Amino acid sequence: MSESHNGHRTAHTTRIAAVGDLHCTVDAKGRLRELFTRASQEADVIALCGDLTDYGLPEEAHVLAGELVGARVPVVGVLGNHDHESGKQVEVAQILTEAGMKVLDGDAVQLAGIGFAGTKGFAGGFDLHSLGAWGEAATKAFVQAAIDEAMKLEAGLARLRTRSRVALLHYSPISGTVRGEPEQIYPFLGSSRLEDPIDRMAVSAVFHGHAHHGATEGRTKNGVPTYNVSLPLLLASGPRATPFRLVELAVDQDAADAAEHELTPVRARTRR
Ligand SMILES: [Fe+2]
Ligand SMILES: [Fe+2]
């Protein structure tokens with residue numbers, strides 16, 4: 001945590017290193033450890049934005065758990081759609097939790113003075129072009145999945161009392177950070193339904209992944225900075241690219257002094 005002096009006031013800040021879409025495979029041993037070590041040298045917290053494994057296999061999660069040894073600061077994050085591919089997402093989350101990562105799924109945690117709320121999110125499209133819950137039961141179930149994720153994010157955010165509050169997602173809450181992807185697949189890259197709780201609850205910053213070829217930065221309707229930290233996107237800026245996004249946020253002195261503060265998990269009521 002860093003400190004800067006401005007007249008008689010002392011402002012504390014916390015640096016977050018965020019990255020998503022690691023897509024860790026069973027043969028990735030040794031490939032991610034350096035990323036975590038470097039992120040630990042430059043930040044106070046590491047935030048991971050889903051698709052942490054490639055096929056959602058426990059074997060892949062064990063490899064990633066081994067790589068997390070490189071992290072020297074707290075690690076918090078959410079799962080992505082790839083982590084659900086094999087139907088073993090609970091086991092994947094458990095393995096990562098045992099490796100020391102705080103896996104958020106509609107809950108929240110305070111780390112280094114920052115409040116983090118997170119959930120995977122879901123698809124459905126953006127703004128006027130969002131899919132509506134109308135017609136077939138399958139369509140309604142699809143839309144309900146996005147509504148459920150938005151409610152989970154809101155439940156997590158509602159637990160936070162810190163000066164700076166961060167939303168962690170895999171899917172994007174805005175179209176601005178998926179720009180660059182084929183327009184035909186925008187509806188599968190995120191949902192504006194996730195944007196509503198972010199704007200209503202005065203979030204300080206949003207991190208997400210999933211859109212490997214989107215844009216690195218955008219803003220919600222209320223101006224909340226939103227960062228697409230998909231690793232392939234970050235690496236696309238050139239051979240000297242930093243494999244994580246660094247963002248610095250203000251923290252209160254008492255929060256900065258507090259140890260990790262686990263907030264009571266509160267999950268939104270869902271129909272699933
Ligand atoms: Fe991905
Ligand atoms: Fe994804």
*Inspect all residues belonging to the stretch 173-183 and state whether any of them is touching a residue at least 60 places away in the same chain (Cβ under 8 Å) and out of contact with any strand residue (DSSP E or B) (no Cβ under 7 Å at 6 or more places or on another chain).*
no
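Among the strands (runs of 3 or more DSSP E) lying completely within the stretch 157-244, list those that include at least 1 residues that are surrounded by fewer than 20 Cβ atoms within 10 Å (Cβ to Cβ).
Working: elements: 165-168, 205-208, 217-219, 225-228.
Counting at least 1 such residues, we get 217-219, 225-228.
Report yes if LEU233 is touching an Asp or Glu at 6+ places or on another chain (Cβ under 7 Å) and among the aliphatic types (A, V, I, L, M), otherwise no. It would help to see each step written out before you state the result.
Numbers: touching an Asp or Glu at 6+ places or on another chain (Cβ under 7 Å): no; among the aliphatic types (A, V, I, L, M): yes.
Spelling it out, it is not the case that LEU233 is touching an Asp or Glu at 6+ places or on another chain (Cβ under 7 Å) and among the aliphatic types (A, V, I, L, M).
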*Matching residues, the stretch 220-272, being modelled with pLDDT under 95 and on the phi > 0 side of the Ramachandran plot*: GLY238
*Scanning the stretch 24-34 for residues that are out of contact with any strand residue (DSSP E or B) (no Cβ under 7 Å at 6 or more places or on another chain) and of a type outside the set (Val, Ile, Thr), which turns out nearest to ligand 1 (Cβ to nearest atom)?*
ALA28
*From the list GLY124, GLY113, pick out the single residue that is away from ligand 1 (no atom under 16 Å from the Cβ) and over 25 Å from VAL45 (Cα atoms).*
GLY124
_Where the second residue is of a type in the set (S, T, N, Q) and the first is under 16 Å from CYS49 (Cα atoms) and lies in the stretch 78-90, which pairs have Cβ atoms under 7 Å and are six or more apart or on separate chains?_
VAL78/THR119; LEU79/GLN89; HIS82/THR53; ASP83/THR53; ASP83/GLN89
*asked:* Six or more apart or on different chains, Cβ atoms under 8 Å: show the pairs whose first residue is in the stretch 42-59 and under 15 Å from LYS102 (Cβ atoms) and within 15 Å of ligand 1 (Cβ to nearest atom) and whose second is part of a strand (DSSP E or B) and of a type in the set (Phe, Trp, Tyr).
replied: CYS49/PHE207
*Given (1) in contact with a His (Cβ under 9 Å, 6 or more places away or on another chain); (2) surrounded by 20 or more Cβ atoms within 10 Å (Cβ to Cβ); (3) under 20 Å from HIS84 (Cα atoms), index of the condition LYS152 fails*: (1)
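The values are calculated or read from the model by the stated rules, or taken from the named source; none is laboratory data. Treat the numbers as computed from the prediction; the structure is a model and nothing was measured. Heads up, the Cβs are rebuilt from the backbone with ideal geometry, glycines too, and the neighbour counts pull from every protein chain shown.
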